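The values are calculated or read from the model by the stated rules, or taken from the named source; none is laboratory data. Treat the numbers as computed from the prediction; the structure is a model and nothing was measured. Here the Cβ positions follow ideal geometry from the backbone for every residue, glycine too, while neighbour counts run over all protein chains shown. Keep in mind that these areas ignore ligands, DNA and RNA; they rest on the heavy atoms of the full protein, side chains included. Shrake-Rupley method; radii C 1.70, N 1.55, O 1.52, S 1.80 Å.
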Amino acid sequence: MAFQRSAQTLVTKKKCIPELARKYPWTRPQGDETGISIYNFYTRSKLPLILSTEGNLKWYVCGPTVYAEPHVGHACSFVRFDVIRRILMNVFDINVVFMMNFTNVDDKIIDKAKKVGQTTEQVSSHYESTFLKNMQQLNVLRPTVVHRVSDNVQNVIEFIERLVESGHAYVTGQGSVFFHCDSYEGYGSLSRMKVLPSEKTMFDDQKMKPQDFLLWKPHKVGELFWDSPWGQGRPGWHIGCSALASKVFGGKIDIHSGGGDLKFPHHENELAQSNCYHHTNQWVNYWIHSGLVHREGDSEKMSKSRGNIITIPELLEKYTSNQFRMFCLLKPYAMEVEYGENAMKKPVQILNKLTSHRAVAQSYIHGEGPSVDVSNDVLMQHLAFTQKIVRSALADNFDTQQMISALMSLVQVCNRELSKPSNKNIIKAREVYSVAAITSYIDKLMSQLGFNFISKLESHADSANSSQSLEDIINSVTHFRERVRSFALGGDAANATDEEKSQIRVHRNSHSALLDSTDQLRDKLAATAGIIIKDAEEGPSTWHMIEKTSDGPSARE
């Protein structure tokens with residue numbers, strides 16, 4: 001009968017949940033206007049981003065529970081948040097204090113340790129190191145502050161004690177401590193839920209109500225434990241984030257983020273216990289979530305428990321970190337996405353187009369290739385327009401999709417100018433400012449967003465044992481191939497007399513094997529090293545490097 005009464009109370013209260021948004025409305029923070037709008041899950045709307053401390057932003061993100069290999073779902077979430085963090089820092093000049101926790105005390109870790117015959121510390125330490133290594137491989141910035149639950153259990157205990165003292169938590173005879181959801185009228189205001197549908201029929205006889213959640217779990221034989229006022233035990237899942245975030249940021253956080261699957265119950269429970277602890281109705285000003293990731297053809301989210309994951313090493317065997325970062329930029333950060341070969345085609349194509357454009361532009365800037373009379377006024381006007389669109393897009397809930405679209409439009413205009421018919425009357429010392437300005441802007445923006453392909457040559461050169469850089473070697477190979485190809489072609493047939501054309505044909509036929517060899521060398525460099533050689537009708541051949549997948553360069557123009 002106790003369960004039936006609790007269930008009936010729950011049903012009655014669920015009818016009132018839409019009212020919670022009005023009863024506990026979002027309060028506009030007092031502070032520093034940034035000119036940025038951000039989607040706040042609490043209000044289900046975009047709002048002005050206002051910092052509680054001028055020029056500084058306090059951001060907490062829920063880190064992983066370290067019991068298994070990180071996967072593409074983690075990668076997508078943390079790359080997306082990394083891009084937003086970089087936009088705030090590099091584009092809008094905001095000092096971001098980015099805090100993340102590691103949940104290293106959990107049932108899943110204990111179960112994994114028993115399964116592999118290790119201690120929980122060994123298991124959690126291994127997967128924590130793996131996570132940090134994988135994030136570094138994806139060029140995700142390290143958090144400003146990192147905390148582990150096991151290092152801060154005393155803070156957790158003190159947090160729970162205050163909740164018990166204020167009547168927001170209760171202790172059971174078995175030594176468990178639960179949060180008393182009915183003690184906080186605002187419970188459900190974030191997610192607008194009370195209990196997951198799958199949990200409606202579940203009831204722990206220690207709980208007063210089904211929605212009450214565990215803060216402290218009593219000790220079991222063979223498990224790690226700490227002493228507490230309620231006996232030996234360990235923290236529950238939700239309490240760690242609240243206690244650790246409060247230790248660093250106190251009673252106010254600007255942004256709190258996590259995967260979309262954490263909205264309920266995790267973030268709902270975090271908000272409830274933290275609001276009660278800090279005696280506030282708005283512990284967090286802005287809640288943001290990254291969309292979940294599905295494998296192509298799979299309607300279920302990618303997760304360790306479902307066994308449908310792709311690990312980050314498996315991702316990086318097939319694609320580069322830059323290609324995956326571009327994949328993350330092409331959809332709104334809160335949108336669910338499918339990951340697979342089809343989904344990766346477009347980001348690979350875009351990166352190759354950017355790299356190819358940069359190589360052509362650099363050749364023009366350095367006086368190489370055909371002499372072209374570009375319209376500096378057209379290019380500078382389009383650059384100014386693009387800069388305005390990009391900044392506006394990034395200020396509108398970090399719209400990287402629109403930003404990339406504007407950037408590719410700029411590349412298209414510049415490429416069109418550089419593809420004009422050559423004019424032999426133009427001197428080599430032509431005006432190149434507009435092309436250089438566009439190249440510089442794109443380089444800077446891509447670097448600000450966390451792409452590192454611009455320095456690919458330099459990184460190769462730095463690691464080379466030879467005193468000659470990789471660039472010098474490729475230049476030499478390209479020049480040698482150009483000379484061999486020029487000899488095999490036998491001259492310029494376009495401007496030759498009929499008799500000269502006949503002689504050129506005979507020459508080419510007799511040296512066709514040599515000409516084929518130069519083509520094979522070009523194709524092999526592209527397939528194995530991502531080095532693209534382009535032969536010009538006049539002037540020297542040029543080359544550039546593109547992002548290379550495990551199957552070789554893809555999406556070549």
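Tabulated data for the structure shown
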read-out	value
Considering residues of segment 464-509 that are within 22 Å of Thr542 (Cα to Cα) and not in a helix (DSSP H, G or I) only, the residue modelled with the lowest pLDDT	Gln468
Single unsatisfied condition, Phe398 versus (1) out of contact with any Asp or Glu (no Cβ under 6 Å at 6 or more places or on another chain); (2) crowded, with 20+ Cβ neighbours inside 10 Å; (3) part of a helix (DSSP H, G or I)	(3)
Any pair with Cβ under 9 angstrom, 6 or more apart, that starts in segment 209-220 at a residue that is without any contact (Cβ under 8 Å) to a residue 24 or more places away in the chain and part of a loop (DSSP other than H, G, I, E, B) and ends at one that is aliphatic (A, V, I, L, M) and buried (at least 18 other Cβ atoms within 10 Å of the Cβ)	Lys220/Ile110
Segment 170-222, residues that are among the charged types (D, E, K, R) and at pLDDT below 90	Arg192, Lys194, Glu199, Lys200, Asp204, Asp205, Lys207, Lys209
Filter result for Val146 (within 22 Å of Lys58 (Cα to Cα) and either in contact with a His (Cβ under 6 Å, 6 or more places away or on another chain) or not aromatic (Phe, Trp, Tyr) (or both))	yes
Residue match in segment 357-367 (condition: farther than 30 Å from Glu314 by Cβ, in a helix (DSSP H, G or I) and either under 21 Å from the mean Cα position of the chain (by Cα) or without any contact (Cβ under 8 Å) to a residue 12 or more places away in the chain (or both))	no
Complete set of residues in segment 402-426 that are in contact (Cβ under 8 Å) with a residue 60 or more places away in the chain and under 25 Å from Ile50 (Cβ atoms)	Met403
Residue in segment 259-303 that is surrounded by the fewest Cβ atoms within 10 Å (Cβ to Cβ), counting only those that are of a type in the set (Phe, Trp, Tyr) and part of a helix (DSSP H, G or I)	Phe264
Matching residues, segment 24-43, being of a type outside the set (Phe, Trp, Tyr), open to solvent by 70 Å² or more (accessible area, probe 1.4 Å) and over 19 Å from Asp93 (Cβ atoms)	Pro25, Thr27, Arg28, Gln30
Matching residues, segment 229-254, being closer than 16 Å to Thr280 by Cα, of a type outside the set (Gly, Ala, Ser) and crowded, with 19+ Cβ neighbours inside 10 Å	Phe249, Ile253, Asp254
When residues of segment 174-192 are limited to those that are among the hydrophobic types (A, V, I, L, M, F, W, C) and over 14 Å from Lys209 (Cβ atoms), the one surrounded by the fewest Cβ atoms within 10 Å (Cβ to Cβ)	Leu190
Count - residues of segment 133-172 that are open to solvent by less than 70 Å² (accessible area, probe 1.4 Å), farther than 28 Å from Leu315 by Cβ, of a type outside the set (A, V, I, L, M, F, W, C) and touching a Phe, Trp or Tyr at 6+ places or on another chain (Cβ under 9 Å)	5
Close pairs (8 angstrom Cβ cut-off, 6 or more residues apart or separate chains): closer than 26 Å to Val61 by Cα and in a strand (DSSP E or B) in segment 225-246, basic (Lys, Arg) and open to solvent by less than 20 Å² (accessible area, probe 1.4 Å) anywhere	Trp226/Arg234
Search result, residues across segment 70-128 that are charged (D, E, K, R) and buried (at least 17 other Cβ atoms within 10 Å of the Cβ)	Arg80, Asp82, Arg85, Arg86, Asp106, Lys112, Glu128
Single unsatisfied condition, Gly307 versus (1) in a helix (DSSP H, G or I); (2) open to solvent by 50 Å² or more (accessible area, probe 1.4 Å)	(1)
Counted residues, segment 324-349 - those being farther than 14 Å from Arg295 by Cα, in contact (Cβ under 8 Å) with a residue 40 or more places away in the chain, open to solvent by less than 20 Å² (accessible area, probe 1.4 Å) and over 11 Å from the mean Cα position of the chain (by Cα)	1
Some residue of segment 63-83 being touching a helix residue (DSSP H, G or I) at 6+ places or on another chain (Cβ under 7 Å), under 24 Å from Ala395 (Cα atoms), assigned to a loop (DSSP other than H, G, I, E, B) and touching a residue at least 24 places away in the same chain (Cβ under 8 Å)	no
Extreme residue, modelled with the highest pLDDT, among residues of segment 527-553 that are farther than 15 Å from Met344 by Cα, of a type in the set (S, T, N, Q) and not in a loop (DSSP other than H, G, I, E, B)	Thr542
Search result, residues across segment 254-294 that are among the hydrophobic types (A, V, I, L, M, F, W, C) and closer than 22 Å to Cys181 by Cα	Leu262, Phe264, Leu271, Ala272, Cys276, Trp283, Val284, Trp287
Residue match in segment 432-446 (condition: of a type in the set (A, V, I, L, M) and at pLDDT below 75)	no
